[in-house]
Amino acid sequence: MDKYKQLYKVVSNVEKVIIGKKNEIELVLISLLCKGHVLIEDVPGVGKTSLVSALAKSINCSFKRIQFTPDVLPSDITGFSMFNQKICDFEYRPGAIMSQMVLADEINRTSPKTQASLLEVMEENQVTVDGVTYKVPSPFMVLATQNPIEYTGTYPLPEAQIDRFLMKITIGYPSQGEEANILSTYRKEDPLAQLEPVIDTSDILKLQNSIKNIHVDDKIMKYIVDIVSSTRNHEDISLGASPRGSLSLLRASQAWAFYNNRDFVIPDDVKKLAVPVLTHRLMLKQETKLKKITNNDIVNTILSETTVPVVSNDEKE
């Protein structure tokens, strides 16, 4: 089977649970291919947790959910060392992060100290406990959720934490037709309970390696740099996207090209991924917020004002 067709099977399988949200499912899958992490920001009840659970089941990987509350400690996440009297030595007790797919539910409800315990593992796929480093299993992915409406008792993620998420997505409410379909599907049983794997984690690892071989022309790379640089010089932005943002946009564009059965990136790939990859990395000026201008508005404006490169067929080889 063609590699990209395996991805279509995953999307179709997750759609049995998350109805009418194919684009959002695809974006999460693209992030997985890039070895990235996803921040899902949306109101309660739209399927954030179900989306993550369905994806974990579809690729047959280990899955753990961490319900973040103010009393969750860093050791609950990373693990801790405990003295074992039988061996007269300390041994490592793994924390909840030791899983292939981790749902960090309501991540903004825990303390900054606990949030910071995720910094190392999200960047380096490892945790350090009492000076000893432990690798997390592969593939590894953190999907964090937060509610954009409730602010009481929450701790907003710092810029260093937000920048480690490859993408930020919203699921949104379903249309009336989609909601009627949801009621019909869930009327007798929960489809998540019946969901079966369609590929294995070994397939995901192979697909992740395939992304590296997708060709990116120098003109496309300059296009990415031009877009990201514009966020740093924009009059409405106080903090633009970092070089990590440029790399994330490059990797996501390669993955999207692969998903669409191409071995080269085109400008439309970059345009498609720019909003989910860049918007959460921007900090707007206060006066910009008062004008009700959003991060999405600014990224879309930058895309419309940036010269799109023309890449010939010869240059794609």
Looking for whichever is within 21 Å of the chain's Cα centre (by Cα) and modelled with pLDDT under 95 here; the options are ILE237, ILE227, ILE182, ILE171. Which one fits? ILE171
Out of curiosity, is LYS86 assigned to a loop (DSSP other than H, G, I, E, B) and exposed (fewer than 15 other Cβ atoms within 10 Å of the Cβ)? yes
Exactly one of TYR155, TYR134, TYR186, TYR173 is free of Cβ contacts under 8 Å to residues at least 12 places away in the same chain and of a type outside the set (Asp, Glu), and that one is TYR186
Among the residues of region 47-61, write down those that are assigned to a loop (DSSP other than H, G, I, E, B) and either within 17 Å of the chain's Cα centre (by Cα) or surrounded by 21 or more Cβ atoms within 10 Å (Cβ to Cβ) (or both). GLY47, ILE59, CYS61
Sort out which residues of region 87-109 are β-branched (Val, Ile, Thr) and modelled with pLDDT under 90, and write them in order of number. ILE87
Would you pick out the residues in region 117-162 that are part of a helix (DSSP H, G or I), modelled with pLDDT under 90 and surrounded by 15 or more Cβ atoms within 10 Å (Cβ to Cβ)? GLN161
Counting only residues in region 8-46 that are more than 14 Å from GLY172 (Cα to Cα) and charged (D, E, K, R), the one nearest to the chain's Cα centre (by Cα) is identified as LYS35
What is the number of the single condition among (1) assigned to a strand (DSSP E or B); (2) surrounded by fewer than 20 Cβ atoms within 10 Å (Cβ to Cβ); (3) touching a Phe, Trp or Tyr at 6+ places or on another chain (Cβ under 7 Å) that ARG65 does not meet? (3)
Consider GLU189 carefully, then state whether it is surrounded by fewer than 19 Cβ atoms within 10 Å (Cβ to Cβ), modelled with pLDDT under 90 and acidic (Asp, Glu). yes
Quick test for you: out of SER75, SER62, pick the one residue that is modelled with pLDDT of 90 or more and not assigned by TED's automatic domain parsing to the domain that holds PRO148. SER75
Got a sec? Which of VAL270, VAL265, VAL228 is surrounded by 20 or more Cβ atoms within 10 Å (Cβ to Cβ), closer than 21 Å to THR170 by Cβ, among the β-branched types (Val, Ile, Thr) and not assigned by TED's automatic domain parsing to the domain that holds PRO156? VAL270
Does GLN126 satisfy being without any contact (Cβ under 8 Å) to a residue 60 or more places away in the chain and more than 13 Å from the chain's Cα centre (by Cα)? yes
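The values are calculated or read from the model by the stated rules, or taken from the named source; none is laboratory data. What you are looking at is a predicted structure, and each value in this text was computed from that prediction instead of being measured. Please note: Cβ atoms are built from the backbone with ideal geometry, for glycine as well, and neighbour counts cover all protein chains shown.
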